[in-house]
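Working notes for the structure below.
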Amino acid sequence: MAHSTLTPVFVGLRTGLHVLSAALLALVVVRIVVVGGPWALPSLVLAAGFGAVYLLGARVARIAEGRRSRTGALWLLALTVLWTALLVFVPEAAYLVFPLFFLYLHVLPRIVGPVAVLVATAVAIVAIGLHGGFTVGGVVGPVVGAGVALLIGLGYRALAREAAEREQLVAELLATRDRLAATEREQGVLAERARLAREIHDTVAQGLSSIQMLLHAAERADGERPGTEHIRLARRTAADGLADTRRFIRELAPPALEAGLPAALGRLAETQWSSDGLTVTVDAPATVTLPMDVQTALLRIAQGAVANVVQHAGASTVRLVLTVHGREARLTITDDGRGFDVVTADHRAGSSDSFGLRAMADRVAQFGGRLEVDSARGAGTTVVATLEVP
């Protein structure tokens, strides 16, 4: 049983049962020794056997808890046979039926347990009656004991059921807390990335834009003076740096994902990507149920892939297909560009296009997924990113 606040109650009940069994068995042994007679030796052997089986089977009873194993039932059958044999010689052995009541209810299945209690009650009444005559006390005693045992057994089962439900509720609360913490971390990361995007836009991007305009003005002022080529090179370098900075800003601040990944991809296709001279189509379900970090990773991969198309492929159309099957999310990006040699690109570790592929591969690896690139010169490119959904 899982640990819970009710564990001390269960431990106390089991300890009380063991103490009751030991005390009643000791009473039976004392009775055998005091009375003596020709049946004293077999009675002592049966009493010792009962005690040994009880001790050896205590662990079996704990293992059987909650599972009603066949081993526990066989152990209880052995105890019942020894108790019945002991009844033949010692009438006081009828008292041992009280701990047996609780064992029946604890080890045997829901219906079999109460039936076994009723049968044992009848056996105890008959044994007492055969040894000393049938009396009101000899009948009422076992019956009252059986009733008390049934009530306590039902209460024990109710407590055990409540404890299991409480443990499940606590586990669900802990899982919910962990999910909330993960969501808060994701939101914090997204907020920090948005802040960095704003800072870069207001500082580095604005500075590069000013440098580019100043250099362009200097170039137009006197295009024939010495050093103009250096000014022109510096202007182009600033323009490239500004373009890269703006791309970083776009990647740091993705479109809002509150409406889901399909909506974000659709907005990019209609705004940013269309302004790059591309016709982008998005084939995705209206809504997808994916963790925020998975949606963000897929969005970054889509942005990186389309950026590669814009910079290197010379394509006119791009198609994005998003599918989700069970614990797997797949994003396929296909273009009709000039393509490239995948093997050669893998060896050009320093090139910008291979860096873009490496960045996408790193994102996919974070989720235990895989990135597949299929391309050939003049035949376009297909990039398939498959992510494992946690």
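The values are calculated or read from the model by the stated rules, or taken from the named source; none is laboratory data. Quick caveat, the model's predicted, so the values are computed rather than measured. Cβ placement follows ideal geometry from the backbone for every residue including glycine, while neighbour counts extend to all protein chains displayed.
So, in the range 55-89, how many residues would count as being at pLDDT below 85 and either touching a Lys or Arg at 6+ places or on another chain (Cβ under 9 Å) or among the small types (Gly, Ala, Ser) (or both)?
Residues that pass the stated criteria total 10.
Would the range 249-261 turn up any residue that is surrounded by fewer than 17 Cβ atoms within 10 Å (Cβ to Cβ), at pLDDT below 80 and assigned to a helix (DSSP H, G or I)?
yes
Could you check, for the range 192-203, whether at least one of its residues is within 46 Å of the chain's Cα centre (by Cα), in a helix (DSSP H, G or I), closer than 30 Å to Ala238 by Cβ and in contact (Cβ under 8 Å) with a residue 60 or more places away in the chain?
Yes, that holds for at least one residue.
For the range 168-177, state whether one or more residues are touching a helix residue (DSSP H, G or I) at 6+ places or on another chain (Cβ under 9 Å) and either in the same structural domain as Leu96 (by TED's automatic domain parsing) or not acidic (Asp, Glu) (or both).
no
Could you grab the pairs with beta carbons closer than 6 Å, sequence gap of 6+ or different chains, first residue in the range 30-57 and under 22 Å from Phe101 (Cα atoms), second one small (Gly, Ala, Ser) and assigned to a helix (DSSP H, G or I)?
Leu46/Ala85; Val53/Ala78
Applying the selection to the range 177-202, what residues are closer than 12 Å to Ile249 by Cα and either surrounded by 11 or more Cβ atoms within 10 Å (Cβ to Cβ) or modelled with pLDDT of 70 or more (or both)?
Within the range 177-202, Arg193, Ala194, Arg195, Leu196, Ala197, Arg198, Glu199, Ile200, His201 meet the criteria.
Yes or no: the range 159-169 includes at least one residue that is assigned to a helix (DSSP H, G or I), among the polar types (S, T, N, Q) and more than 20 Å from Phe50 (Cβ to Cβ). Let's see the steps before the verdict.
In the first step, residues of the range 159-169 are kept if they are assigned to a helix (DSSP H, G or I); the result is 159-169.
Keeping just the survivors that are among the polar types (S, T, N, Q) gives 168.
Next cut, more than 20 Å from Phe50 (Cβ to Cβ) only: 168.
Yes, some residue in the range 159-169 is assigned to a helix (DSSP H, G or I), among the polar types (S, T, N, Q) and more than 20 Å from Phe50 (Cβ to Cβ).
Confirm whether Val119 is in a helix (DSSP H, G or I), free of Cβ contacts under 8 Å to residues at least 24 places away in the same chain and loosely packed, with under 14 Cβ neighbours inside 10 Å.
Yes; evaluated as a whole, the condition is true for this residue.
From the list Gly145, Gly132, exactly one residue is closer than 30 Å to Val11 by Cα, touching a residue at least 24 places away in the same chain (Cβ under 8 Å) and assigned by TED's automatic domain parsing to the domain that holds Leu17. Which is it?
Residue meeting the stated conditions: Gly145.
Out of the range 278-298, which residues are in a helix (DSSP H, G or I) and touching a strand residue (DSSP E or B) at 6+ places or on another chain (Cβ under 9 Å)?
The initial filter retains those residues of the range 278-298 that are in a helix (DSSP H, G or I), namely 292-298.
Across the range 278-298, the qualifying residues are Val294, Gln295, Ala297, Leu298.
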